[in-house]
Amino acid sequence: MRRTPGPWIMLLFLAAAFGCLIADTTPAYAQVDTGSITGTVKDTSGAVINGARISLVNSDTGFTLTTTTGSDGTYTFSPVRIGNYKLDAEAQGFQKVTQTNAVVNLNANVRVDFTLKPGSTETTVEVTAAAPVLQTQDASVGQVVNQQNVNNLPLNGRNFTFLAQLAAGVNSPQADTRGNAASGAFAANGNRPAQNNYMLDGIDNNSDTVDFLNGTNYVVLPPVDAVQEFKVQTSDFSAEFGRSGAAVLNATIKSGTNNFRGDVWEFFRNDKLDARDFFERGQKGELRQNQYGFTIGGPMLIPHVFDGRNKIFFFGDYEGLKRRQGVPHQGAVPTLQERNSGFTNLQELITDQSGTEPDILCASAAPCNPDPKVAPHRTFPVGTVLDPRTTRAVTVGTIDPVTGLMPSANGFVRDPFMGPGSTCPVLGTAVYSLAACNLNILDPTRLDPKAISLLKLYPLPNAAGISSNFTSSPNLKEDRQSFDTRMDVNISQKDSVFFRFSLVDDPQLIPAIFGGIADGGGFQEGNQTALAQQGALVFTHTFSPSTVNVARAGLNYLHTTRVSPEANTLTDIPGQFGIIGIPQLKENGGLPAFGIQGLATLGSNAFLPSDEVSSTIQVTDDFTKIYGKHTFKMGFEAQHVKFSTLQPPWSRGQFNFDGVYTNVSGASDSTENTGIAQFLLTPMVAQPGVGTVDYLGGPGHENPGSNNSVFVSNISLTDNGKNYYGTYFQDDWKVSPKLTINLGLRWDFFGLVYEHHGHQANFVPSGPPTGAPMYLIQAGPDSSTSNLSPSFQSLLSTDGIALKIGNAYGKGLGNSQKTNFAPRFGFAYQVTDKLVARGGFGIFYNGFENRGFSPNLGENYPFQFNFQFAQPDDNHPLTYPNCTTPGPGGSANGNATLETGFACTPLNPTSPLFIASGLALRGIQFDYETPYSMSGNFTLQYQLTPTLSFQAGYVTSLGRHLEVFPGSNHVHQILPKDLPTGQSAKNFIPFPDFGQGNSYAITEGSSYYHGLQTKAEKHFGMGLNFLATYTWSKVKSDSFDLLNGFSAGGYRAPDVPGVGIRGEYGLANFDIRNVFHFSGGYELPFGKNKRFMGNAQGFANAVAGGWSLIWSTTLQGGQPIIIPCPNSVSTGTSCWAFVIPGQDPNTSIHIGSNGNPRMLNAAAFAQPCVIGSAGCNLSSPLAALGGLPSQVPGPGFRRLDFSLFKNFLLSERFRLELRSEFFNIFNHPNFNAPGFGGNGVVAISGSTNPTSTRFGEIGSTRDAPYDPRQIQFALKLYF
């Protein structure tokens, strides 16, 4: 574990940064945690009053500002801290007017006008200001959530960022691969969640780890009781804001006031109060959760010594969370019949499935159609295990001597395993059945005893069948603690400063489906630690009422680790099962990951151990000048982000057994589930007189041209950095009392990622800087040619890749775009007193999107490097190049087997035995173009009552140069599915000696969003407040978010002309057509000073009064699903199925025979013809690969959370509140889409394959373990 900075170190850093900042007079950055007040002073005739004196007093702290009106009678206070204010207006010959209760919200421009009557200034007229309903000063689109709603709305887990999802244009994504959806991640206006910008007190609060290892998009999260308010801005915000191509979520923590205020709370939950998760088939999972804490704020006060009222204020909070919660899991394990037979009887693979699978042998004397799907052909029941030793090539026109049948096409065939009593001789049998042939009885002498030992690590099934036959609810354990401290000092009328320090310590055990050695966990599961710290220091100097400067310094620190359950059991667990060479190093204990098709993953997941540290140093300054009708703002921001990552992808290895050698050659593996047989069978020489391929078996993956079977990597740390600079100019021009124009220009620079020690390389397959393939290595002590293996240098030369070592291409090994100029324009026109028209357009850059570790240039040879090996096809084994280690059973040297492990892949990059064949070369586009969005809106807002308004607007967003990950080294043409003997996809890729489909990031993606966004908002009045938003929208895109649940499964043919990235442009898989949110609160009209029982006292008032109802509901449509082609149609590319015209995809959800929900109609989907088959003539490369992606909407989301409050007024200073909170009160299950896997969820095999009996089956809920109805009780004491 790496050392972490303590609060005193952070304080010293901030003080040093702050000293540099105030010494630098360069104007900078934005007023991101403040607002402004503006208005006009007139007399009773409507004439403006020049020179009127305006005083502004903060009602909580006493802080005072003064200014005078200009010749047009207007005044402006900017920036102004959020809070409640009193304003005084006075002029010679007029009565003084006082406005109270003027509330300034975050980034809000509040209008307070005065009308002065003639009279003596000794006479004061007091007016209570109503909260402004109309937005009249700017064109931004967003939503303010005030302190009352932050504190009161039901939040499962008390995470205030979830409230951003109440805004129009915002939706919550399906559960994702990083768990961020469970921590409030959201998409705004068709943009990816990683494009959002999180800020706290004006300080950057974004998680800068490469992959959100901490499970959140932010660094620190204060408790809801500590949040003053927050605002989410989704479109057309000011040039003050940068680093966001999507939304800005801006929150502020409370500060102390002249009165001591705070609260104490305890929230309690127990599984006895909750419903069962839909997929919990056994005992309901345990839940024991306590969330407790306090806040306190006030003046610094030492009786008889120091009185800090109006001068020095403090605020602090603490929150603890103890949680023990069962997490439902569902997966497949070997059946009892399989285990009891010693894994020789696999007949349940047939009896639990239906249908048949043909091969290419014709079952009649007459010639057959070349397509085996067209009868008559030799057929097997789905799930039949075929013997790899019988694999042989057959040729059209030549009878297969083993069966006596004529092939209808050139290819390979193999014969089934049959047990004693079979009446099906291979010679002449064309139709195999379980009963007659006694299929799937394996020869026990053929089974690998090590594989049997590994399969016995699986737990016994607790449900019937071969799929989803095991459920568990192991306990998640979390012991979270956090605190915030803040100090505000009004040094003088001209100077103020505040300091805040925040800390979150959140250790968790996130359980996998099995645990222990068997593990079965995904990347999001294991033992995790997360320590987050943040410091902020802000200094404000008022030169004059019209000239203000705000300087900021901030530091974020986030250290997160995650390891597998057996990470530190360094007793060579793999070696105990005969697996050779797995490094036994700290945190690398446990088994490799075994992907056995038809079973849940066995062993520990890839990319663990993970140890990530990020720190962000931020220095900003902003300057505001009010001049006549103009409010000018200008600013500068600088950030240095340092993030180190220890995350070897496959430091224990990953070995996939997908049934390619035990299925019909070319059949879809996901419909057969014979991976267990491939895992069990020892590769051997071919059966004499039958088979022609020796040692067929071992690891093998479906569609070998684009997927890999074996993954191996070394262990290395990358220590990355990147820099960001931004500057802006903003002019808010009050053209007239009715019209305000917002003009801005921002410039951003996003530096490329570099490695502090020069340990990175960039593979440039084409394009700049030379137009030819290049492998660039940054100069450094470990970067000379003597540190590169002869094999690597030789293969680079063979494949035409130039090797360049040096600093000629900069620390980032590429070029950053320096022309990121972003104009912003907006207007707000008050048509009438009750109607406002607003509109705007802007460009918004963000080049700091979290992209995961795979595209990281530090993950390149000779530093962090990875091998990816694939078998040449379904009919030949995977072999390691130049390997001298024979496999078991006397198999040939270099044949990949279960036991080979790492023996054939030396991990010393300089070793002469290091063979670079199959090495993955990673890269990022050399001339990196910064991703940006162009956003616009036109909105009308109408005031219906003094507290109620309605608005409707058209919002659009165009994403350009979005970062996408098509990979490199793909085929460049549509190839036949069956290539001539001896050929594979490797013969058709540009760099055949290196890995295919290597990680490669480019900025060529695009998106298009347009939507109707409506909102009805009622401010609190008559005991009622609510917010209702409805959004109808449509999103098209060809860019998929790698980390936040928006990944569509990759690109079919990214390098094939006519397909490429643009071939995936269609409905985005984060397109959600309809979204409705409705939240609010209602104080029941009973009790003292209420409509009913208004005179109640004592016991009667205690019983009848103080009741409130609070609610929050979301209704939204489903995200589109991609349906892949059931079978491969070509080599080296993938394929999407298409919807048959006139067929109903049947997206309604129903319960299947096994109790799992199902959707989709298999008959509505088809795939293109097999490339190379007779009569397959397609009009274009795109038509050859199926339909557009994301064609069918998945399950929607419906949820109502409800709270019942009871308040007891104990005295004028103390109030007690009892809460009952019901999350998902109607217990409506919200399902993930078929095929969803990730974040601990195991996808159901075949659930997206239209030819599978499991097609359309759903195996998890999207909010698990929070999906079922859950009840929470709370007690809060306010003072």
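The values are calculated or read from the model by the stated rules, or taken from the named source; none is laboratory data. Please read all numbers here as calculations on a predicted model, not as lab measurements. Neighbour counts run over all protein chains shown; Cβ positions are idealised from the backbone, glycine included.
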Selection from the range 829-882 of residues that are without any contact (Cβ under 8 Å) to a residue 24 or more places away in the chain and not in a loop (DSSP other than H, G, I, E, B): T879
Hey, could you check the range 428-447 for residues that are part of a loop (DSSP other than H, G, I, E, B) and either modelled with pLDDT of 95 or more or of a type in the set (S, T, Y) (or both) and say which is farthest from the chain's Cα centre (by Cα)? T429
Which of the residues that make up the range 373-395 are within 22 Å of S1173 (Cβ to Cβ), touching a residue at least 60 places away in the same chain (Cβ under 8 Å) and not polar (S, T, N, Q)? F380, V382, L386, R392, A393
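Out of D236, D201, I need the residue that is surrounded by 24 or more Cβ atoms within 10 Å (Cβ to Cβ), under 24 Å from T540 (Cα atoms) and not hydrophobic (A, V, I, L, M, F, W, C). Which one?
Within the list D236, D201, the selection yields D201.
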Out of curiosity, is F1165 surrounded by fewer than 22 Cβ atoms within 10 Å (Cβ to Cβ) and more than 16 Å from F1231 (Cβ to Cβ)? no
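Residue-wise test of (1) out of contact with any strand residue (DSSP E or B) (no Cβ under 7 Å at 6 or more places or on another chain); (2) more than 27 Å from N1025 (Cβ to Cβ); (3) among the hydrophobic types (A, V, I, L, M, F, W, C); (4) modelled with pLDDT of 90 or more.
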| position | (1), (2), (3), (4) |
| --- | --- |
| I1072 | no, no, yes, yes |
| F1086 | no, no, yes, yes |
| N1095 | yes, no, no, no |
| S1108 | no, no, no, yes |
| P1126 | yes, yes, no, no |
| G1142 | yes, yes, no, no |
| I1151 | no, yes, yes, no |
Hits in the range 1098-1134 - residues which are part of a loop (DSSP other than H, G, I, E, B), surrounded by fewer than 23 Cβ atoms within 10 Å (Cβ to Cβ) and in contact with a helix residue (DSSP H, G or I) (Cβ under 9 Å, 6 or more places away or on another chain): N1127
Residue check, P906 against (1) modelled with pLDDT under 85; (2) over 36 Å from the mean Cα position of the chain (by Cα); (3) not aliphatic (A, V, I, L, M), all met but one. Which one? (2)
Conditions first: (1) closer than 30 Å to A903 by Cβ; (2) surrounded by 24 or more Cβ atoms within 10 Å (Cβ to Cβ). G726 passes all but one, so which condition is the exception? (1)
Give me the pairs: first residue in the range 959-983 and closer than 30 Å to A247 by Cα, second residue among the acidic types (D, E) and at pLDDT below 85, beta-carbon distance under 6 Å, and six or more apart or on different chains, which are they? E963/E849
Kindly indicate whether L795 is over 18 Å from S999 (Cβ atoms) and surrounded by fewer than 17 Cβ atoms within 10 Å (Cβ to Cβ). no
Pick from the range 253-304, criterion under 30 Å from T64 (Cβ atoms) and in contact with a helix residue (DSSP H, G or I) (Cβ under 7 Å, 6 or more places away or on another chain), ranking: surrounded by the fewest Cβ atoms within 10 Å (Cβ to Cβ): D263
Every pair of residues 6+ apart whose Cβ atoms lie under 8 Å, when the first sits in the range 1108-1123 and is more than 30 Å from P1085 (Cβ to Cβ) while the second is of a type in the set (F, W, Y) and surrounded by fewer than 20 Cβ atoms within 10 Å (Cβ to Cβ): Q1116/F1076
Looking only at the range 934-970, filter to residues that are polar (S, T, N, Q) and part of a loop (DSSP other than H, G, I, E, B); which one of those is surrounded by the fewest Cβ atoms within 10 Å (Cβ to Cβ)? T947
For the range 822-853, which positions are under 28 Å from the mean Cα position of the chain (by Cα) and not aliphatic (A, V, I, L, M)? F841, G842, F844, Y845, N846, G847, F848, E849, N850, R851, G852, F853
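Per-residue answers, yes or no, for (1) of a type in the set (V, I, T); (2) within 20 Å of N290 (Cβ to Cβ); (3) in contact with a Leu (Cβ under 9 Å, 6 or more places away or on another chain):
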position	(1), (2), (3)
L476	no, yes, yes
D488	no, no, no
I491	yes, no, no
S496	no, no, no
F499	no, no, yes
D505	no, yes, yes
I513	yes, no, no
Could you name every one of the strands (runs of 3 or more DSSP E) located completely within the range 491-589 that has at least 3 residues being buried (at least 23 other Cβ atoms within 10 Å of the Cβ), β-branched (V, I, T) and in contact with a strand residue (DSSP E or B) (Cβ under 9 Å, 6 or more places away or on another chain)? 547-563
Would you point out which residue out of S1190, S1203, S1153 is among the hydroxyl-bearing types (S, T, Y), part of a strand (DSSP E or B) and either outside the structural domain of N369 (by TED's automatic domain parsing) or surrounded by fewer than 22 Cβ atoms within 10 Å (Cβ to Cβ) (or both)? S1203
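Take the range 439-463 and flag every residue that is of a type outside the set (V, I, T) and free of Cβ contacts under 8 Å to residues at least 60 places away in the same chain.
Answer for the range 439-463, where residues must be of a type outside the set (V, I, T) and free of Cβ contacts under 8 Å to residues at least 60 places away in the same chain: just P449.
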